[in-house]
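The values are calculated or read from the model by the stated rules, or taken from the named source; none is laboratory data. Remember, predicted model here, so these are calculated numbers, not experimental data. When we count neighbours, we look across all protein chains shown, and the Cβ atoms used for this are built from the backbone with ideal geometry, even at glycine. Heads up: the accessible areas ignore ligands, DNA and RNA and are worked out on the full protein's heavy atoms, side chains in. Shrake-Rupley method; radii C 1.70, N 1.55, O 1.52, S 1.80 Å.
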Amino acid sequence: MHLSSEIPALKLVVVGHVDHGKSTLIGRLLHDTGSLPDGKAEAVIKMSERRGMPVEWAFVLDALQAERDQGITIDTTQIFFNTDKRNYVIIDAPGHKEFLKNMVSGAALSDAALLVIDAKEGMQEQSRRHGYILHLLGLRQVAVVINKMDLVDYREERYQELTGEIRKYLSELGLEAAAIVPVSAREGQGLTMRPDRMPWYEGRDLVEVLDNFSPPVLPTDRPLRLPVQDVYKFDDRRIIAGRIESGRIHTGDRILISPSNKTVTVRSIETWNTKRPAVGASAGQSVGITLSEQLFIERGQVISHEANPPIESNVFRARIFWLGKTPLEVGKRYKLKLATNEQTVEVQSIETVIDVENLTSSTGDKLERNGIGEVTLRARAMLALDEFAENPKTGRFVLVDEYDTVGGGIIYMEGYPDQRARGDVRSTNITAVEHRVTPELRARANGHEGGILWLTGLSGAGKSTLAIEAEQQLFAKGYQVYVLDGDNIRFGLSSDLGFAPEDRAENIRRVGEVAKLFASAGVLVLTAFISPYRADRDRARSIAPDLFHEVYVAADVATCEGRDPKGLYKKARSGEIKDFTGVSAPYEEPVTPELTVDTSDKTVNESVAELLAYVDENFSLTRNGGGR
């Protein structure tokens, strides 16, 4: 059977508990679909006869003598396989817990997964662990095979019992099995046709299930990603060289350079030893291009089309498999290698540590060798990247400690926004108005300087309570003062925004601009916003750096949840509110705030007194050293 090479092969990882019959299943599937090389089936039959045993189709996959001796698969094995509909690459992943990292490697490269369960033994510890790893790696096309149905006399009751257990477990992971197929791999039941020994089964056979999986997205069909490898100078040309990881590029294309956000046109695609110049190139090709303008471009930047750019961020979440001899720890720094880019990153937090022995998850400040975890990494510079599910080529990375590769991971941005140039001015033909009333004149008239007190902290920390009380007392003392509160802003200025990461970021940008206008008018403005992202607070500071004062209203999640004045934590825990800071969305504590007010062990009056003392010291013109 031969299919066109233009039909993309679907990469299928086969996982399951040791001795649940994965290798036998694959071997028999290859035989029954005519995918075995000539003579291979006969060799397996003779080998089985020499050992005095029934035909053992698992021998098809034995690449190592040690596997025959020990009876376990110890490395991932890739096998080409095809049906009438499409080509496949089957990745046989090891089931033994000692070789878990090989299973992770195999699953990370796959488009779909097949989880094999022994009908007699049922769900085992390793079965659950493998299911979790499929979830961890973002695989959503999953089918389950209940193998060895011959050992339970092909009973429908046993199939239904296991089906309920499997669906319940997968649903807890957020997965849904595309199908649960009862088979006997040794007897060839249920693989390429309906099982005659199980007439009660009305579903599809295994090959039909596999053929029904969505086809893989080819790299050429994804958005353009051309990481810059180097820049070469030939005569008067500057040639930008790199390998196209996804998409296509043509002469005349308008392209975007990230993270510098410069746009330019492709003037030529350079070729060597060819009669005609190339007009296009696609994923997998190493190319050199010249541009319509001479721009400063360096290794590690990413070329894309303007319409589908990568994400820009200096912070991202990652699912990591750790291989380092010493643990990955919060606060440690490593070299990140992402495509051609190399940057120093710091482990900002470890959200989840997965115990691969019992599949429990916990929080912690370190990840031990061979451990799996969900972490947040922060870089010193802005990065151009993609979520792994959207573009695997620019969504996976490795970490290096000195000269050793110590970990690998995949990127996801849950809870974090794309930071791409949201504050750029798009309007044209505009000129800022120069005021004749200077800040000094306003301050002299008011008796104090204008400024921004940016109160940040978790919901329930006391930001609004503190701001409203301080406003009243400051007004009584003669201050021109006003509070911008999160809820009030969302009734008007930001009524069109939700609570997705990008909406949160835009909300804070708008508030920063409004706060600047208040402060420039000589008003002392207090803002009470969770403002969970450090980058957004830094951007708000950059709008008016001389006027901005960050005040961290500190209280931990437990304290805030105990207060829960609006009942929001309760709703978030029940799933009624998504992307809730501190529960299902991150909060990044300020690093060097101008003032920290810890409300967890103080009364409202004590907290307000701290804030008022800071105001008098920094804004009043009547205090020694006051004013700036």
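Quick check on my filter: what residues within region 508-551 are closer than 17 Å to S600 by Cβ and open to solvent by 30 Å² or more (accessible area, probe 1.4 Å)?
In the first step, residues of region 508-551 are kept if they are closer than 17 Å to S600 by Cβ; the result is 530, 551.
Listed by number, the list holds a single entry, I530.
Can you find a residue in region 305-320 that is exposed (fewer than 14 other Cβ atoms within 10 Å of the Cβ) and more than 23 Å from R534 (Cβ to Cβ)?
Yes, there is a match, as at least one residue in region 305-320 is exposed (fewer than 14 other Cβ atoms within 10 Å of the Cβ) and more than 23 Å from R534 (Cβ to Cβ).
Go through the residues of region 371-385 one by one and say whether even a single one is part of a strand (DSSP E or B), more than 18 Å from D418 (Cα to Cα) and of a type in the set (K, R).
No: zero hits.
How many residues, within region 360-399, are surrounded by 14 or more Cβ atoms within 10 Å (Cβ to Cβ) and within 28 Å of N261 (Cα to Cα)?
Residues in region 360-399 being surrounded by 14 or more Cβ atoms within 10 Å (Cβ to Cβ) and within 28 Å of N261 (Cα to Cα): 23 in total.
Which residue out of T603, T596, T622 is under 30 Å from A318 (Cβ atoms), among the β-branched types (V, I, T) and surrounded by fewer than 17 Cβ atoms within 10 Å (Cβ to Cβ)?
None of the other options fit; the residue is T596.
If you go through region 260-274, how many residues are out of contact with any Asp or Glu (no Cβ under 8 Å at 6 or more places or on another chain) and open to solvent by less than 30 Å² (accessible area, probe 1.4 Å)?
Selection size over region 260-274: 2.
Pick out the one residue from R238, R248 that is surrounded by 17 or more Cβ atoms within 10 Å (Cβ to Cβ) and either of a type outside the set (S, T, N, Q) or at pLDDT 95 or above (or both).
Numbers: R238 fails: surrounded by 17 or more Cβ atoms within 10 Å (Cβ to Cβ).
Going through R238, R248 in turn, just one is surrounded by 17 or more Cβ atoms within 10 Å (Cβ to Cβ) and either of a type outside the set (S, T, N, Q) or at pLDDT 95 or above (or both): R248.
Out of all the residues in region 172-179, is one or more touching a His at 6+ places or on another chain (Cβ under 7 Å) and surrounded by fewer than 16 Cβ atoms within 10 Å (Cβ to Cβ)?
The initial filter retains those residues of region 172-179 that are touching a His at 6+ places or on another chain (Cβ under 7 Å), namely 173-175.
Pick out the ones that are also surrounded by fewer than 16 Cβ atoms within 10 Å (Cβ to Cβ) and you get 173-174.
Within region 172-179 (the criterion being touching a His at 6+ places or on another chain (Cβ under 7 Å) and surrounded by fewer than 16 Cβ atoms within 10 Å (Cβ to Cβ)), the answer is yes, since at least one residue qualifies.
Please specify each residue of region 578-593 satisfying the condition of being of a type outside the set (A, V, I, L, M) and open to solvent by 70 Å² or more (accessible area, probe 1.4 Å).
Residues of region 578-593 that are of a type outside the set (A, V, I, L, M), as a first pass: 578-582, 584, 586-590, 592-593.
Selection gives K578, E589, T592.
Identify, please: which residue in region 491-506 is touching a Lys or Arg at 6+ places or on another chain (Cβ under 7 Å) and buried (at least 17 other Cβ atoms within 10 Å of the Cβ) and is, among those, farthest from H435 (Cα to Cα)?
Looking at residues that are touching a Lys or Arg at 6+ places or on another chain (Cβ under 7 Å) and buried (at least 17 other Cβ atoms within 10 Å of the Cβ), I get A505.
Tell me, please, whether a residue that is touching a Ser or Thr at 6+ places or on another chain (Cβ under 9 Å), modelled with pLDDT of 90 or more and surrounded by fewer than 23 Cβ atoms within 10 Å (Cβ to Cβ) can be found in region 427-448. Explain how you work it out, then say what you get.
Taking region 427-448 and keeping what is touching a Ser or Thr at 6+ places or on another chain (Cβ under 9 Å), we get 435, 439, 442, 447-448.
Next, from what is left, pick out any that are modelled with pLDDT of 90 or more: 447-448.
When the remaining residues are screened for being surrounded by fewer than 23 Cβ atoms within 10 Å (Cβ to Cβ), the result is 447.
Yes, region 427-448 has at least one match.
Any residue at all in region 113-122 that's surrounded by 20 or more Cβ atoms within 10 Å (Cβ to Cβ) and more than 30 Å from P392 (Cα to Cα)?
Within region 113-122, one or more residues are surrounded by 20 or more Cβ atoms within 10 Å (Cβ to Cβ) and more than 30 Å from P392 (Cα to Cα).
Six or more apart or on different chains, Cβ atoms under 6 Å: show the pairs whose first residue is in region 227-249 and within 25 Å of A307 (Cβ to Cβ) and hydroxyl-bearing (S, T, Y) and whose second is at pLDDT below 90 and open to solvent by 10 Å² or more (accessible area, probe 1.4 Å).
From region 227-249, the pairs are S246/P219; S246/K393.
Being open to solvent by 70 Å² or more (accessible area, probe 1.4 Å), of a type in the set (A, V, I, L, M, F, W, C) and within 28 Å of the chain's Cα centre (by Cα) is the filter here, so list the residues in region 206-235 that pass it. Please lay out each step first, then the result.
Taking region 206-235 as the starting set, the residues that turn out to be open to solvent by 70 Å² or more (accessible area, probe 1.4 Å) are 208, 212, 215, 217, 221, 229, 232-235.
Checking the rest, the ones that are also of a type in the set (A, V, I, L, M, F, W, C) come to 217, 234.
Residue satisfying the conditions is V217 alone.
The rows are residues; the columns are (1) in contact (Cβ under 8 Å) with a residue 12 or more places away in the chain; (2) among the polar types (S, T, N, Q).
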{"site": "Y482", "(1), (2)": "yes, no"}
{"site": "E502", "(1), (2)": "yes, no"}
{"site": "S520", "(1), (2)": "yes, yes"}
{"site": "L526", "(1), (2)": "yes, no"}
{"site": "F529", "(1), (2)": "yes, no"}
{"site": "R534", "(1), (2)": "yes, no"}
{"site": "D538", "(1), (2)": "no, no"}
